Amino acid sequence: MRSSLRTSALLTMACFLFVTGLRAQHLVKSTFLRTYAKTEIGVFVPIPGFVKYDVDVYKLEYATPNVQGKPDTASGLLAVPVVKNLSFPLWSISTAPPAPGRRYLPG
C-alpha cells in the first residue's frame, strides 16, 4: 500500500510541475516522512468534521535553476490523504469547444 501512495505522491508532484509550467525542474528524490493521524491534525485544525483522513507526508527534492539561472536543488513538502481511491480532477471545461489539434490547423 505504501508504494501506491508513493506513486500517487509522485504523480501529484509531476502534475503540479506540469500545470505550473515549471518545465526546467525535475524530481531528484522523494522521502516518506510519516503518517499523521486525523486526530493529530485535528489538534491544529479545530473545526469539527473538517479533517476526515489520515495524511502521509513526503519530502520532495527537485532540481531547479536559481535566480541566476544556475542549477540548484530545492525542496518541498507533499501531504497526501490516506484514502482507498485517490483521484485527480481533469480540469476540463465541458461547455467550451475542444482545443484545436493539428488536424484543425489551417494549411
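The values are calculated or read from the model by the stated rules, or taken from the named source; none is laboratory data. Bear in mind that the values here come from a model prediction, so they are computed numbers and not experimental data. Here the Cβ is made from the backbone with ideal geometry for all residues, glycine too, and neighbour counts use every protein chain on show.
The set of residues in the stretch 24-45 being of a type in the set (Ser, Thr, Tyr), under 30 Å from residue 70 (Cα atoms) and surrounded by 13 or more Cβ atoms within 10 Å (Cβ to Cβ) consists of 30 alone. So which residues in the stretch 1-23 are at pLDDT below 65 and touching a strand residue (DSSP E or B) at 6+ places or on another chain (Cβ under 6 Å), if there are any at all? The one that is at pLDDT below 65 and touching a strand residue (DSSP E or B) at 6+ places or on another chain (Cβ under 6 Å): 5. Picking from residues in the stretch 31-89 that are in a strand (DSSP E or B) and charged (D, E, K, R), the one that is farthest from residue 12 (Cα to Cα) is 72.
Specify the residue that is modelled with the highest pLDDT; the eligible residues are those in the stretch 64-101 that are loosely packed, with under 10 Cβ neighbours inside 10 Å and of a type in the set (Ser, Thr, Tyr).
Applying the filter and picking the extreme gives 87.
Considering only the stretch 33-56, I want to know if a residue exists there that is of a type in the set (S, T, N, Q) and modelled with pLDDT of 90 or more. Yes: one or more hits.
If you check every pair at least six apart or on different chains, which have Cβ atoms under 7 Å apart with a residue in the stretch 70-99 that is closer than 19 Å to residue 30 by Cβ and hydroxyl-bearing (Ser, Thr, Tyr) first and a residue that is surrounded by 11 or more Cβ atoms within 10 Å (Cβ to Cβ) and at pLDDT 60 or above second? Listed by first residue and then by second, the contacts come to 73/28; 73/61; 73/63; 75/59; 75/60; 75/61.
Do you know which residues across the stretch 46-63 are of a type in the set (Val, Ile, Thr) and loosely packed, with under 10 Cβ neighbours inside 10 Å?
Passing the criteria: only 47.
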